[in-house]
1. What length, rounded to one decimal in nm, is gained on full extension from residue 360 through to residue 440, with 0.36 nm per residue of separation minus their alpha-carbon distance?
2. What do you get for the angle between helix 265-280 and the principal long axis of the chain? Use alpha-carbon atoms, 0 to 90 degrees, nearest ten.
3. Once the Cβ-Cβ distance between residue 333 and residue 69 is put in as r, and R0 is 35 Å, what FRET efficiency do you end up with, to the nearest 0.05?
4. Using a 1.4 angstrom probe and counting only protein chains, how large is the accessible area of residue 258 in Å², to 10?
5. I need the phi-derived Karplus couplings for the range 340-347: 6.51 cos²θ - 1.76 cosθ + 1.60, θ = phi - 60°, integer Hz, Gly and Pro marked x.
6. Can you compute 3J(HN,Hα) from phi for each residue in the range 38-50, using the Karplus curve 6.51 cos²θ - 1.76 cosθ + 1.60 with θ = phi - 60°, rounded to whole Hz and x for Gly and Pro?
7. Taking 0.36 nm per residue of separation and subtracting the Cα-Cα distance, what length does fully extending residue 94 through residue 170 add?
8. Diagonalise the Cα gyration tensor of the chain and give the resulting equivalent ellipsoid semi-axes, square root of 5 times each eigenvalue, largest first, whole Å.
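The values are calculated or read from the model by the stated rules, or taken from the named source; none is laboratory data. Treat the numbers as computed from the prediction; the structure is a model and nothing was measured. FYI the Cβ positions are ideal-geometry reconstructions off the backbone, even for glycines, and counts take in every protein chain you see. These accessible areas exclude ligands, DNA and RNA; they are computed on the full protein's heavy atoms, side chains included. Shrake-Rupley method; radii C 1.70, N 1.55, O 1.52, S 1.80 Å.
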Amino acid sequence: MIYQFFYIDFFPKVNYLLSWWHTASLEARFLVWYKSKGILMIQRVKGTHDYLDLTLFNFIIERATVLFKQHHFTPIMTPIVEPTELFVRSLGQQTDVVSKEMYVIPSTDGESICLRPEATASTVRAFVENGIQHVPWKVFTWGPMFRHEKPQKGRYRQFHQISLEVIGSSAIAQDAQLIAMLDYLFSQLLTFDAYALQINFLGCHDDRARFKETLGSYLDSVIDKLCDNCKVRKEKNIMRVFDCKVPTCQGLYTKAPVITDHLCVTCTEEWKTVQELLEALSVAYTIRPQLVRGLDYYNKTVFEFVSGALGAQNAFCGGGRYDQLVTMVGGKEDRPSVGAAIGVERLMLMLEPLKDKLPLPQLPALQVVIPVAPAQQTVALLLGQELINQGLCAEVLLDGGMKQMMRHANRIGAKYALIIGDTEQAERAVTIKNMVTGQETKVQQTEAAKFVKNGS
Ligand code: AMP
């Protein structure tokens with residue numbers, strides 16, 4: 001009996017625990033350890049991240065910013081909190097974002113505010129509220145967005161978007177120009193090669209009204225085969241049926257009528273122009289007749305950049321034309337516009353495997369100043385200041401003994417250690433140790449910055 005308990009019952013459990021311990025993430029192991037000690041660790045909110053290395057993040061923002069400014073876009077910032085009504089009116093009550101995913105902040109003063117789920121509506125609100133007169137208003141912004149979605153790879157509850165808008169331009173060529181600029185960003189500046197641009201054309205208001213009826217008739221003819229969700233979408237937001245992931249529904253939608261076959265004369269011409277311009281600008285694209293995008297404000301051109309490397313959440317940039325949004329948020333007249341939003345986290349996922357080949361900024365060489373005893377701390381701080389004034393990167397070490405400080409200097413990759421002991425202090429000198437060769441040179445403190453800069 002004991003034998004049985006030990007080998008059949010006990011050992012497999014121990015083995016399981018041991019193998020779990022070796023394969024679990026550091027984070028999970030910390031959690032178990034903390035719990036075993038009775039310490040309740042406060043964890044970040046589900047679907048959010050701590051960004052402890054901003055190299056890739058900053059690289060993306062910097063590359064996009066430089067390119068957008070070259071195209072004469074101006075950076076702007078709008079608040080992270082907005083009136084809930086802004087998104088209800090613009091994105092649409094029936095969209096997933098508004099009906100299920102908004103972080104609405106309870107308030108006591110009757111005003112309903114929320115964390116912004118996207119930035120286009122905010123930018124359009126800013127355009128109207130600030131009475132911007134010069135159009136096209138070409139602006140971009142970047143920052144955190146919030147959606148209460150089910151977290152998975154590439155889908156988070158707090159994520160970052162770079163959002164760019166051209167407000168007040170009805171020229172359909174503007175759409176092609178914007179798409180070509182984004183394509184240049186992804187292919188040339190971020191060096192992606194495995195991605196695709198998918199485009200579609202949703203027509204004008206009248207086209208969509210007509211098409212919704214045509215689509216409705218088709219859906220009625222296959223209603224018994226539709227999933228429950230699509231039956232609801234058919235009644236509430238019919239075009240969104242195309243976003244359904246259920247394979248049987250997808251099969252049915254490949255045979256459904258397509259909107260580009262139901263465009264008016266002007267829209268047919270514009271749809272043709274977009275394609276011709278993309279070809280002229282050497283932008284490769286595929287037409288996806290089921291691409292409708294999740295938000296209600298889109299019309300005419302819609303597009304998405306997708307990558308197979310991202311898994312289920314494969315879109316890393318999406319956008320399109322929104323000709324009525326300005327009046328939807330309270331502007332007096334329609335201002336036809338076009339814009340796009342780029343998912344920064346998804347770009348980071350795509351960049352991670354390419355990291356070694358990217359021209360990421362090199363950290364400047366670091367010098368550390370080491371006071372041997374507390375009596376030398378003042379002069380060490382002054383020397384540290386002088387190095388920084390001379391444009392160098394320097395850190396004064398103030399914790400631990402000499403041995404610990406040298407070990408720390410090694411660990412943080414210091415190029416030189418500038419050591420000040422009793423003798424150096426008395427002589428107004430400093431011993432400079434080359435951390436690679438180990439060579440030590442004593443120089444006057446006033447000469448230290450020059451020595452470090454010239455390497456001799
Ligand atoms: P949307 O505003 O929904 O058109 O999304 C534009 C881009 O933002 C998408 O193509 C994604 O790259 C990114 N994105 C949207 N939702 C999320 C999310 N929950 N987590 C991470 N990225 C997202």
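1. On the way: separation 80, 0.36 × 80 = 28.80 nm, distance 3.21 nm.
25.6 nm is the gain from fully extending residue 360 to residue 440.
2. 30
3. Numbers: r = 29 Å, r/R0 = 0.83.
Plugging the Cβ-Cβ distance into 1/(1 + (r/R0)^6) gives 0.75.
4. My reading of the accessible area for residue 258 is about 30 Å².
5. Taking θ as phi minus 60°, the curve returns 8, 10, 10, x, 5, 4, 5, 5 Hz for the range 340-347.
6. In residue order, the calculated couplings are x, 9, 8, 7, 7, 9, 5, 5, 3, x, 10, 9, 9 Hz.
7. Numbers: separation 76, 0.36 × 76 = 27.36 nm, distance 2.71 nm.
Here the answer is 24.7 nm.
8. Numbers: eigenvalues 567, 213, 92 Å².
They are 53, 33, 21 Å, listed from largest to smallest.
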